[in-house]
Amino acid sequence: MTEQQPAGRPGARPSGSARAALLIAEKDLKARVRDRSALIFGILVPLGLAFIFNLIFAGVSGNSKAISLGVVVADHGQMGQAFTAQVLDPLRHIGIISVRAEPSVAAGRSLAAKGTVSAVIVVPAGFTAAVEAGGPASLTVIESASAPVTGEIARSIAQGYADALNRVRLSVATVASGSAGAGLSPGQLRRIGARAAAATVPVAVSDISAKTKQLDSKSFFAAGMAVFFLFFTVQFGVTSLLEERSEGTLARLLASPIRRGAVLAGKLITSFALGVFSMVVLVIGTSLLFGASWGSPLGVVVLIAAASLSAVGIMALVATFAKSAEQAGNAQAIVAVVLGLLGGTFFPVSLAPGILGKLTFIAPQAWFMRGLGDLRAGSLSVVWTPALALLGFAVVTGAVAMLRLRRLAEV
Amino acid sequence: MKVLVIAATTLRRMLRTRANIFFVFVFPMLLILVLGATFGRGATPRLGVVVSRPGALATALVRQLDHAPSLKVTLVSSDSSLLSQVERGSLDAGVEIPAGYDSAIEAGKTVTVRYLARPGTAGQQLGQAVRSAVDSQAELLAAARFAAAERAAPGFAAGLTKAKNLVRLVPVISVRLRAAGKALFPSSLG
């Protein structure tokens, strides 16, 4: 503890308090760099975990691939052709579905059984004739048992076509039924059918593309682990106050002409600097190592600074309730783990329905994650709400912690 | 005997630290609780629906969407709230039914229902299910309008009643499902 000598220079006036605080911070930071604990908890562990989580879950949370569908048109009438031209071709153009024509139902079924295609839509032989005769008719969808969800999509495609035919059929039936429709000739019915098919569709669906404010899996795990361990990294500064007290060096510090506030400020600066430094290294590291995209650098810096302040405030407050550094470490670990879990650093808790999806925002980590997500879609201005929320945590917990720490810094 | 004493002492010392009690007993439960609440609802995609002015026809459309097996409908109060929930991922997609839905349909116009999704194939695939549900509704509405236009019914409402009565009687063009191959997981696993 020889580093504290400069702070003890005679005549350290209040204006020198800031300098004293910085000197104390510098001494603590050097000690942390030397014992490597900050390096391990602040950088190596989060980096490693983000890497592992990303390996495990990258495939799970990614976007689903294009569906591959088989189609068998055994019908030689106009309905079979219309199905391909009006329904499948437009889907093919959008690129969400790849369609392969199969010569027979057996061939299609074997592809579905192997899982080569998610489903096969069959327009059976005689479909056109059955539809025109006005009797029941059906399309068949053979779902691959290994892809039940995409099979559902194939069913809705087939159903959509069947619905269009049913619409005309029902329209004709409502006109032809009852006394008005009695004795209509087949020719009249066909003309009514043509008019029904040409009628304005009552409801259309238009696509609006929304932006995504979700982080991709790489960035999610990088950000999640970084902010989770931020709450461990900042412990070092505040807890060292307790260490100094048990080692007896706090008494010597206080006996020197340094204001008590400067000692506290020095410890808080240490925490903040460690937090910001580890976060910045993690942002750069995860971007370079596994291509995490954090968004606008200025926005990220604002969020990191605000998150670090809130972490310092909360961890300092927790430490004030402990009698020893070990006790403080235990309590801080519990708080950091609970807040990290609730704040959605391991999995996106804000997506949970009901109360939990709202409860997540009592954790500053949730605001940090939301800020990064919003930053992905919006301009820089979107970070102010999460940043202010984070600062709110910092101010409230920091103020209470300062009041309690002053008492703690009495030997 | 010595072994037991050592074990008991160690256990007592472990339990004396509150942090150990937390990490051994409380934390696993908490993890299960949060994981369950976040992912426990299964994989049914959630569709947010905004009904600007709920009329009989708009309500019927919502009911139709809710009946689709691959959708779970949640009512949302405003378009902006729907947009932000879809963007943030708490809803998989959204549908906005415009204010004049009922009156425009009765007036013979085409009403455009807006479908909102994040970019990506998942949103487009969900859009198929939404379109299918909308088509089923459109079938009845088209028949009702057609009947009124062809003077087979005195008005839209009468036409709709007629169409609803007939829809069960008219032979339908249906979609039959067949399965091929073996499922990766037994269905009992859910």
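Things worth noting here:
- Secondary-structure-derived ellipticity at 222 nm for chain A, considering helices only, amounts to -20500 deg cm²/dmol, per-run term -39500 (n - 2.57) for DSSP H runs with n ≥ 4.
- Full-extension gain in nm, A:Val301 to A:Arg260, via 0.36 nm per residue minus C-alpha separation: 11.7 nm
- Note on B:Thr110/A:Val338: beta-carbon distance plugged into 1/(1 + (r/R0)^6) with R0 of 60 Å gives a FRET efficiency of 0.65.
- For chain A, modelled as a GNM whose springs connect Cα atoms under 10 angstrom apart, the maximal fluctuation among A:Ser271, A:Ser308, A:Ser118 occurs at A:Ser118.
- With Cα atoms defining each centre, the range A:324-391 and the range A:182-209 are spaced 55 Å apart in the structure.
- Between A:Ala145 and B:Leu177, the simple label model (points 7 Å from Cα in the Cβ direction) yields a spacing of 1.5 nm.
- The Rg/Rh ratio for the protein assembly as shown, using Cα coordinates for both the radius of gyration and the Kirkwood hydrodynamic radius, is 1.15.
- Amide H contacts under 5 Å for A:Ser98, placed H, 5+ residues apart: A:Ile67, A:Ser68, A:Leu69
- For a modelled paramagnetic label at A:Ala198, 7 Å from Cα along Cα-to-Cβ, the residues of the range A:150-169 in reach, with backbone nitrogen under 19 Å, are A:165, A:167-169.
- Beta bridges per DSSP with both ends in chain B, % antiparallel, nearest 5: 30
- Between amide H atoms placed 1.01 Å from N, distances below 5 Å from B:Gly48 occur with B:Thr74, B:Asp92, B:Ala93, B:Gly94, B:Val95, all of them 5 or more places distant or on a separate chain.
- Full-extension gain in nm, A:Val280 to A:Ala82, via 0.36 nm per residue minus C-alpha separation: 65.4 nm
- With contributions of -39500 (n - 2.57) from each DSSP H run of at least four residues, the per-residue ellipticity at 222 nm computed over chain B stands at -16500 deg cm²/dmol.
- On the basis of the beta-carbon distance and an R0 of 35 Å, A:Leu289 and B:Val24 show a calculated FRET efficiency of 0.55.
- Subtracting the Cα-Cα distance of A:Val205 and A:Gln188 from 0.36 nm times their residue separation leaves 2.9 nm of extension gain.
- Zone of A:Ala399's modelled label, taken as backbone nitrogen in the range A:291-321 under 20 Å from a point 7 Å along Cα→Cβ: A:306-321
- Residues with amide H under 5 Å from that of A:Val205, placed H, sequence gap 5 or more: B:Val113
Where a number appears in this text, it was derived from the coordinates with a stated rule and is not lab data. All values derive from a computational prediction rather than experimental measurement. Cβ sites come from the backbone with ideal geometry, for glycine too, and all protein chains shown count toward neighbours.
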